[in-house]
Each structure stands twice: as C-alpha cells, then as structure tokens.
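**Student:** Sharing a structure here in structure tokens format.
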Amino acid sequence: MHYDLIVTGGRCMLPWGEHEMAIGVRGGRIASLGVDSGDTAETTLDARGLHVLPGLIDPHVHLRDPGDAAVESIPSGTKAALLGGIATVFDMPNTRPPIVDADSLAAKQAYASAASWTDFGLYVGATRDNSAALGEYETLDGVCAVKLFAGSSTGDLLIEDDEGIERVMRHGRRRIAFHSEDEYRLQARRKLFERGAPYDTHRLWRDEECAFLGTRRIVALARRIGRPAHILHVSTAEELAWLAECRDIATVEMLVNHLTQVAPECYERLGSLAVMNPPIRDARHFEASWRAVRDGIVDTLGSDHAPHSLAAKAPPWPDCAAGLPGVQTILPIMLDHVNAGRLSLGRLVDLMAAGPARVYGLLGKGRIAAGYDADFTLVDMQAHRRIENSAMATPAGWTPFDGMRVTGWPVAVVLRGVEVMRDDAVLGTPRGRLARFQ
C-alpha cells in the first residue's frame, strides 16, 4: 500500500498503551497503524529513539490578537507553540477589541485561518449584552467554548453576579469555561493591602477563599441549571477536594505553573515575573495539585500563555501586569516532570490531548487512531536542554522559567500529515486551520 507519509521506528502513545510501530498517513489523516514492511510513501519520517505522541493541545492561550503585536500575535504565538511541541491552541477572547459577536468572530476566523502556524480554536466571550446570542455563537466554525470571566476582568467581559452568570448558562448547551475567582471578595480585600507591598502580597489578596467561593457559586448554578462547567486554572487544595465530588457537572483545568512554581520562593526570586491570576500558591496547594493529577481529578492542562512586555511587568504591586508567557515551555517542563516520576507519559497525553478533546468536544484530534487527523508531537525523552529567554518566539522575549534545566524536549511536530517543526525550526508557511467541534 502507498501512503503520503509513514512515521516509522518511534514509540507510539496509543489510547491503549505504548507500542513501537509504523503509522501510515493519507490525505492528512491516520490511515493505518502497523504499516507493513513492503508499503511505500512519498515521505518517511524516522522516529527512532523518539516517542510519538498525538499532536498536543494547549487549550488556554492569550495571543493578544487583535491587540499589540509587539507583545504577541497569532503568527508569533502559534510559532512559539510549534517550537514548544504544540499542534493546536485555543485562544481566549479578551483581546482589543474582544471577541464577543458575530462580526468579531468572523474577522478572527478569517485571520487565524490565514496566519496561524497551528490548528486553532476560538473562545467567544460572554457579556451582559450578548447572552441571548451565545447559543448561536458557540456553534460557529472554530468556536471551542464560551468563556465567562466571573473575576479578574474589566469592562463588558466581567460578569460577577449570579443573575448574570445564570443568564449566560441558559443560552446554549455546550460546556462553559469559567475564570471563577469571586469578584466581590477581590474588591473587598484589595483595600487591605498597600500599593508597593511585596509581590508575594498578590497571593494574600487573591486568597484561597476567593477562588473556592467563586468555584462553589459557579458549580452550584451549573448543577441547578444543568449546564456543564469547565473550571479553569484551579489552584487550591480546597477547590480540588470539593470538585472531586462534582464530576457529574464540572471538569477541571490546571496550569503548568501551579505544578512547577511554589510561593513564596517564586516571588522572592522573580518578583513581578511571578504575578499571575489566580496566583502561584504555597507548598500545601502545590502538593494538592499533584495529588489531584495522580487521582484523575484534573481533566486538562494549559499554559494560560498571557505575555506582557517587561515594561508592563516593571511597576510595583499591584500596578504590574498579571500574566506570564508559557505556550513554548509547557511541554518541556511537563516532560521533565515525567522524567522525575511525578506522572507517566500516558497521563501527560491524557491531560494535553485526549482530555481537551473530551472536554471541548474536539473532533478528529487527541489520539493516535485510524481516521483521526495525522497530528503528532515527537519528543526525545532523554534530551537535556536549558530553557532560555533568547529562544522565546514571543515578542515579549522572556519566560519565568529562564535558566531552568529540563530532561525531555519536543523534536518535531506533524500537522495533518505535514512536518511543520523540526529541531527548533519552524518549517514552510502557516497552514493552520480552524479546529472542528461537536
């Protein structure tokens, strides 16, 4: 049999386990697992010594487009994603202007289809004015979910009250993604801290109860209305223990930062370069986060890639911008965690491929199986590398993990049967497409 591409010699992470086999690709999709030795192909990709994963997904990025291309854009951010081993990204709606109506969605659909290096999903932002139309918007091409900011946002994208949240939940059927900090507690506690306080104050202001209260309120509404919720960037031991009892209605996202950085050390070392929402917390929450990963409570893993210029991060607390780059570093850091024995490679694939596909209803991606898109992330589990600011493709030009040594590195990315990244170089021209959802 003849194929467009054969990937040969790698250790393939299949849904049912790890196997060494050759994969045949035809027409951008996986045609066969276990290609015969006599089969031929237009192109052969030698994966000896490497692990072949499904094309990995970062379901939580802020590419700032439309916005400020000097900080990030769809072309630069998706190039960074490819260099980090990511084949598909889901981009948040809090841009300038925000993605909240049919016109802004159409403009971004067209732009992303032409400019993205990876395949692409779009969140549409919930507002007080567009609630009635969200059932329509969530079915448009490339839309991965409605995003609702119940805290830590400004203007029309902030819906902090139960009545407003319930109104959004009653329009549409798909799972809604929530930033679930409680805005009322945030505003009340802000008065307790002085401007110019140490950057570690950020986690004291946005404390555990701020996150837990927001999550309890949202999940209670979701259960009453029967609308599933995806709680983004869960960061506290209290939330995780409680969400373990809410699997009927709520799924859980965790960020690589909350599995890697620990307060107060990160604030002492990085200052404002550790400031993000929700904040990086202390060892008790760090340990609970890893326990939740091992127990299967966590469904998806994201970077919350949210770059800002160093100038925007420079002011004293709380005037420094909150948010950190991460799409290019999430996979190397997680591979290092695999090598350290904190999770298996199979569990990582579940968190970064099968999990996002399951939670968001992503079609044709998330696993290596016949009929699925021929998206592959090839990794060298033995590579020893150092993460450096100078290698970052994001124009902001920095990472909070600068200088970190890791074991495990992405070597190549195949997108719908075409090799688009190899050995720290992006290949060809942008060929990303809008992802397909149920």
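**Student:** What number goes with the only condition from (1) more than 22 Å from SER113 (Cα to Cα); (2) surrounded by fewer than 20 Cβ atoms within 10 Å (Cβ to Cβ); (3) touching a residue at least 24 places away in the same chain (Cβ under 8 Å) that ARG431 does not pass?
**Tutor:** Against the list (1) more than 22 Å from SER113 (Cα to Cα); (2) surrounded by fewer than 20 Cβ atoms within 10 Å (Cβ to Cβ); (3) touching a residue at least 24 places away in the same chain (Cβ under 8 Å), ARG431 comes up short only on (1).
**Student:** What number of residues within the range 417-431 satisfy the criterion of being part of a loop (DSSP other than H, G, I, E, B), more than 22 Å from the chain's Cα centre (by Cα) and at negative phi?
**Tutor:** Just the residues of the range 417-431 that are part of a loop (DSSP other than H, G, I, E, B), to begin with: 417, 423-424, 427-431.
If we keep only those that are more than 22 Å from the chain's Cα centre (by Cα) as well, we get 417, 423, 427-429.
Retained after the next criterion (residues that are at negative phi): 427, 429.
The total comes to 2.
**Student:** Restricting attention to the range 243-251, does a residue exist that is touching a residue at least 40 places away in the same chain (Cβ under 8 Å), open to solvent by 10 Å² or more (accessible area, probe 1.4 Å), in a loop (DSSP other than H, G, I, E, B) and among the aliphatic types (A, V, I, L, M)?
**Tutor:** yes
**Student:** What single numbered condition from (1) part of a loop (DSSP other than H, G, I, E, B); (2) open to solvent by 10 Å² or more (accessible area, probe 1.4 Å) fails to hold for PRO93?
**Tutor:** (2)
**Student:** Of VAL298, VAL349, VAL338, VAL293, which residue is modelled with pLDDT of 95 or more, under 20 Å from PHE178 (Cα atoms) and in a helix (DSSP H, G or I)?
**Tutor:** Values: VAL298 fails: in a helix (DSSP H, G or I); VAL349 fails: under 20 Å from PHE178 (Cα atoms); VAL338 fails: under 20 Å from PHE178 (Cα atoms).
Residue meeting the stated conditions: VAL293.
**Student:** If you check VAL298, VAL293, which single one turns out to be without any contact (Cβ under 8 Å) to a residue 60 or more places away in the chain, open to solvent by less than 10 Å² (accessible area, probe 1.4 Å) and more than 17 Å from PHE401 (Cα to Cα)? Explain how you work it out, then say what you get.
**Tutor:** Values: VAL298 fails: without any contact (Cβ under 8 Å) to a residue 60 or more places away in the chain.
After ruling out the rest, the residue left standing is VAL293.
**Student:** A further question follows. Residue by residue through the range 384-425, note down the ones that are open to solvent by 40 Å² or more (accessible area, probe 1.4 Å) and in contact with a Leu (Cβ under 7 Å, 6 or more places away or on another chain).
**Tutor:** GLU419, ASP424
**Student:** Mind listing whichever residues of the range 128-157 are open to solvent by less than 10 Å² (accessible area, probe 1.4 Å) and in contact with an Asp or Glu (Cβ under 8 Å, 6 or more places away or on another chain)?
**Tutor:** Answer for the range 128-157, where residues must be open to solvent by less than 10 Å² (accessible area, probe 1.4 Å) and in contact with an Asp or Glu (Cβ under 8 Å, 6 or more places away or on another chain): ALA145, VAL146, ALA150, GLY151.
For (1) polar (S, T, N, Q); (2) in contact with a helix residue (DSSP H, G or I) (Cβ under 7 Å, 6 or more places away or on another chain); (3) more than 20 Å from PRO356 (Cβ to Cβ), each residue gets a yes or a no:
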{"residue": "LEU204", "(1), (2), (3)": "no, no, yes"}
{"residue": "GLU209", "(1), (2), (3)": "no, yes, yes"}
{"residue": "LEU213", "(1), (2), (3)": "no, yes, yes"}
{"residue": "LEU221", "(1), (2), (3)": "no, yes, yes"}
{"residue": "ILE225", "(1), (2), (3)": "no, yes, yes"}
{"residue": "PRO228", "(1), (2), (3)": "no, yes, no"}
{"residue": "LEU232", "(1), (2), (3)": "no, no, no"}
{"residue": "SER235", "(1), (2), (3)": "yes, yes, no"}
{"residue": "GLU238", "(1), (2), (3)": "no, yes, yes"}
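**Student:** Then there's this: Would you say GLN328 is open to solvent by 20 Å² or more (accessible area, probe 1.4 Å), closer than 26 Å to VAL7 by Cα and not in a loop (DSSP other than H, G, I, E, B)? Write out each step before concluding.
**Tutor:** On the way: open to solvent by 20 Å² or more (accessible area, probe 1.4 Å): yes; closer than 26 Å to VAL7 by Cα: yes; not in a loop (DSSP other than H, G, I, E, B): no.
No.
**Student:** Please list, ordered by residue number, the strands (runs of 3 or more DSSP E) wholly in the range 17-88 having 3 or more residues that are out of contact with any Pro (no Cβ under 8 Å at 6 or more places or on another chain) and open to solvent by 20 Å² or more (accessible area, probe 1.4 Å). Can you show your working first?
**Tutor:** Values: elements: 17-20, 23-26, 29-33, 40-46, 51-54, 56-61.
In the range 17-88, the matching strands (runs of 3 or more DSSP E) lie at 17-20, 29-33, 40-46.
**Student:** Could I ask something else about it? Could you give me the residue pairs with C-beta distances under 6 Å whose first residue belongs to the range 347-367 and is at positive phi, whose second residue is in a helix (DSSP H, G or I) wherever it lies, and which are 6+ apart or on separate chains?
**Tutor:** From the range 347-367, the pairs are GLY366/ALA353; GLY366/ALA354; GLY366/ALA357.
The values are calculated or read from the model by the stated rules, or taken from the named source; none is laboratory data. Computed from a prediction, not measured in an experiment: that's the story for all the values here. Using ideal geometry, Cβ is built from the backbone for each residue, glycine included, and neighbour counts are taken over all protein chains shown. Surface accessibility is based on the protein's heavy atoms, side chains included, excluding ligands, DNA and RNA. Shrake-Rupley method; radii C 1.70, N 1.55, O 1.52, S 1.80 Å.
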